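Inspection log for the structure reproduced underneath, given as structure tokens.
The values are calculated or read from the model by the stated rules, or taken from the named source; none is laboratory data. Worth saying up front: this structure is predicted, and the values here are computed from it rather than measured. With ideal geometry, Cβ positions are generated from the backbone for all residues, glycine too; neighbour counts draw on all protein chains shown. Heavy atoms of the whole protein, side chains included, go into the accessibility calculation; ligands, DNA and RNA do not. Shrake-Rupley method; radii C 1.70, N 1.55, O 1.52, S 1.80 Å.
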Amino acid sequence: MTDYRPNLRPLEPAELQLLECVLNLVCQRRGLEKTSVEAENIAADLVQLYERGVRQEVDFGALMS
């Protein structure tokens with residue numbers, strides 16, 4: 001089992017903006033409302049990816065498609 005310890009520092013506004021842009025794109029591509037349960041799950045997945053080191057919008061897009 002991998003010893004994973006998330007980054008516990010708060011996300012900066014620019015980081016949140018990046019994640020929101022990616023979330024918007026994923027929701028648009030999948031035809032989801034941002035308030036849906038599926039969108040909330042995607043948002044949680046995006047934060048986890050960010051905490052694991054994914055930082056580029058194109059990388060998120062590739063991982064979330």
Per-residue ellipticity at 222 nm attributable to helices in the chain (runs of n ≥ 4 DSSP H, -39500 (n - 2.57) apiece, nearest 500 deg cm²/dmol) works out to -20000 deg cm²/dmol
Applying 1/(1 + (r/R0)^6) with R0 = 22 Å to the Cβ-Cβ distance of residue 56 and residue 28, what FRET efficiency is obtained, to the nearest 0.05? 0.70
Taking only protein heavy atoms into account and a 1.4 Å probe, give the accessible area per residue of the chain in Å². 75 Å²
Nearest 10 degrees, 0 to 90: what angle lies between the long axis of helix 37-51 and the longest principal axis of the chain (Cα atoms)? 30 degrees
Mind checking Rg over Rh on the chain, alpha carbons, Kirkwood formula for Rh? 0.98
Nearest 10 degrees is fine. How inclined is helix 13-30 to the longest principal axis of the chain, computing both from alpha carbons? 40 degrees
